[in-house]
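J.: Dropping the structure in here first, questions after.
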Amino acid sequence: MPRLSYRRALTRALADEMTCDESVFLLGEDIRVAAANVTTGLLKKFGPERVLDTPLSEQAFTSFATGAALAGARPVIEFQIPSLLFLVFEQIVNHAHKFPLMTGGQCAVPVTYLVPGSGSRTGWAGQHSDHPYSLFAHVGVTTVVPATPADAYGLLVSAIRCDDPVVVFAPAGALDVRADVDLPDLVPVPLGRGCVRRAGTDVTVVAVGHLVHDALAVADELAGQVSVEVFDPRTLYPFDWDGLLDSVARTGRLVVVDDSNRSCGIAGEIIATVVERVALAAPPRRVTRPDGAVLPFAPALDRAVQPGRDQLTAAIQLTCKDG
């Protein structure tokens, strides 16, 4: 069984969809030379007409993609830096996202916004290290954060095939994850459906993106003390509330670990929605970056600001001690 990396899973998804559908094309900065190591080999395979290098003008080429989608194409934009999404929030949210809604479904805007390397692990500094997925979930744009190579493939394929705009965040902490994958078994993963990565009975841990792997490691470490269920939402909007509520109803406790800022983050939304619907045995807890965090350049400080296994372990132990 081949060992597939998360990064190569993204490449394979792009290649497969470009092979299956000639309306799919790629655009972005330096994608012909595969600056992010995701579009490697695609220029040679599909040619310059379908792998387009763009000028350093994100607002321009994001608007171009909207027009191309309205005309029947399926563009995929690669953003090398997650903070660039702040520049094109207008183009994604006010244009691509709202056109189908404001026309009563008379048009489709099937654009995929791929962000390989979202967040930071190695000192990418303040303007390169954000995880702004909560912003897109807030306004109702389909937002996915795959944790595994199989999901990186399957969710990206589903995003490209979706007739609405989809933002795919590929966390920096997951890009080098490898897994044994039977390549013929790679299939599209439905948008809006989470999964239980590990069954447990004492507490549900919701982990976003690469933090799924940290949650599984912590669950292993605590196995003799606490039975931890790990829930991977995979899609943050639309969220699989039924799947999560089923888990929490069984365990009675909830911890959320999310590598984005605390205020108005997806962790707070998950907790608020759960406590509205399920009576918990103990107060829920969240493990996140601090309020208003801007990650420093120094790698040690970068990692200190991000949620880690020690914090998650403490949160689980406190939650299980309460109640």
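The values are calculated or read from the model by the stated rules, or taken from the named source; none is laboratory data. None of the values given here were measured: they were computed from a predicted structure. Methodologically, a virtual Cβ is constructed for each residue, glycine included, from the backbone with ideal geometry; neighbour enumeration extends over all protein chains shown. Note: areas computed on protein heavy atoms with side chains; ligands, DNA, RNA excluded. Shrake-Rupley method; radii C 1.70, N 1.55, O 1.52, S 1.80 Å.
J.: Six or more apart or on different chains, Cβ atoms under 9 Å: show the pairs whose first residue is in the stretch 7-32 and more than 16 Å from P149 (Cα to Cα) and in a helix (DSSP H, G or I) and whose second is open to solvent by 50 Å² or more (accessible area, probe 1.4 Å) and of a type outside the set (S, T, N, Q).
T.: E17/R161; M18/K45; T19/K45
J.: Now, a different point. Of everything in the stretch 36-68, what is in contact with a strand residue (DSSP E or B) (Cβ under 9 Å, 6 or more places away or on another chain), open to solvent by 40 Å² or more (accessible area, probe 1.4 Å) and under 25 Å from P171 (Cα atoms)? Give them in sequence order.
T.: Matches in the stretch 36-68: N37, L43, L52, D53.
J.: Continuing with the same structure: Quick check on my filter: what residues within the stretch 261-292 are within 18 Å of Q317 (Cα to Cα), open to solvent by 70 Å² or more (accessible area, probe 1.4 Å) and assigned to a loop (DSSP other than H, G, I, E, B)?
T.: P283, the sole residue that qualifies.
J.: Separate question: Go through (1) farther than 17 Å from P75 by Cβ; (2) small (G, A, S); (3) buried (at least 21 other Cβ atoms within 10 Å of the Cβ) and name the single condition S5 misses.
T.: Against the list (1) farther than 17 Å from P75 by Cβ; (2) small (G, A, S); (3) buried (at least 21 other Cβ atoms within 10 Å of the Cβ), S5 comes up short only on (3).
J.: Against the condition at pLDDT below 95 and either out of contact with any Gly (no Cβ under 9 Å at 6 or more places or on another chain) or open to solvent by less than 10 Å² (accessible area, probe 1.4 Å) (or both), how does S158 come out, does it pass?
T.: no
J.: Any idea how many residues of the stretch 226-249 are more than 23 Å from A174 (Cβ to Cβ) and either of a type in the set (G, A, S) or at pLDDT below 95 (or both)? It would help to see each step written out before you state the result.
T.: Within the stretch 226-249, the subset more than 23 Å from A174 (Cβ to Cβ) is 226-227, 241-242, 245-246, 248-249.
Adding the requirement that they be either of a type in the set (G, A, S) or at pLDDT below 95 (or both) leaves 227, 249.
Of the residues in that region, 2 qualify.
J.: Please go through (1) modelled with pLDDT of 95 or more; (2) within 25 Å of R309 (Cα to Cα); (3) buried (at least 24 other Cβ atoms within 10 Å of the Cβ) for A174 and return the number of the only condition it doesn't satisfy.
T.: Single failed check for A174: (1).
For every residue, the table says whether it meets (1) under 24 Å from the mean Cα position of the chain (by Cα); (2) of a type in the set (F, W, Y).
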residue: R3; (1), (2): yes, no
residue: F25; (1), (2): yes, yes
residue: L43; (1), (2): no, no
residue: V51; (1), (2): yes, no
residue: A69; (1), (2): yes, no
residue: P82; (1), (2): yes, no
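J.: I would also like to ask the following. Can you pull out the residues in the stretch 301-316 that are at pLDDT below 95, open to solvent by less than 80 Å² (accessible area, probe 1.4 Å) and part of a helix (DSSP H, G or I)?
T.: Within the stretch 301-316, D302, A304, V305 meet the criteria.
J.: Would you mind finding the one in D164, D185, D130, D180 that is of a type in the set (D, E, K, R), without any contact (Cβ under 8 Å) to a residue 40 or more places away in the chain and more than 13 Å from L10 (Cβ to Cβ)? Working first, answer last.
T.: Working: D164 fails: without any contact (Cβ under 8 Å) to a residue 40 or more places away in the chain; D130 fails: without any contact (Cβ under 8 Å) to a residue 40 or more places away in the chain; D180 fails: without any contact (Cβ under 8 Å) to a residue 40 or more places away in the chain.
Criteria check complete, one pass: D185.
J.: Next question. Can you name every residue in the stretch 209-224 that is in contact (Cβ under 8 Å) with a residue 24 or more places away in the chain and either open to solvent by 30 Å² or more (accessible area, probe 1.4 Å) or assigned to a helix (DSSP H, G or I) (or both)? Step through it out loud before you land on a result.
T.: Step one: list which residues in the stretch 209-224 are in contact (Cβ under 8 Å) with a residue 24 or more places away in the chain, which gives 209-215, 217-218, 221-222.
L211, V212, H213, D214, A215, A217, V218, E221, listed by residue number.
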